[in-house]
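Working notes, structure below.
The values are calculated or read from the model by the stated rules, or taken from the named source; none is laboratory data. Computed from a prediction, not measured in an experiment: that's the story for all the values here. Neighbour counts run over all protein chains shown; Cβ positions are idealised from the backbone, glycine included.
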Amino acid sequence: MSRSYHQKHDLTQSQLKAYGMRAESQEQEILTFLKGVGDPFFFTCETLERYGLLGPGTPHSSYIRAISNIRKRGEIVKVDQVIGRYRRPINLYCLKTHLAEAIEEEDEQW
C-alpha cells in the first residue's frame, strides 16, 4: 500500500499520521464526488479546485497529490491534455468506470 502523504519535512510520528489521514480523506472526498457525477465527467486539477471540493484554502499541491495517488491506484485515467489557465498543458482525467461506460455506449450506437 502506498502512502498518501508525501513527506517533505521532518515530522513527528503523530504529525505524519495526522497528515497521512488528512491526505487519504482528501482522496476519498474527490472519489466520492466523481462517483456521484452521473455521466462521464472529464476533469482537470483546476476543475476540482473551482468546485472547492477540499475546502477553502486547500493548496493546489494537495489536489495534485490526491489526483496523482488516485491515478496510481487505477481509479482514474488520464485521457488527454488541455491548456490550463496559465496557458500551460494540464492533464484531463476521467473516472475509470465512467470512461468504460462511455466506450460501451459509443459501441452500442454503432
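Pairs linking a residue in the stretch 20-34 that is without any contact (Cβ under 8 Å) to a residue 24 or more places away in the chain and surrounded by 14 or more Cβ atoms within 10 Å (Cβ to Cβ) to a residue that is assigned to a helix (DSSP H, G or I) and of a type outside the set (Phe, Trp, Tyr), with Cβ atoms under 8 Å and 6 or more positions apart or on different chains, are 33/48. Test each condition in (1) modelled with pLDDT of 90 or more; (2) part of a loop (DSSP other than H, G, I, E, B) for residue 26 and report the one that comes out false. Just one mismatch for residue 26, condition (2).
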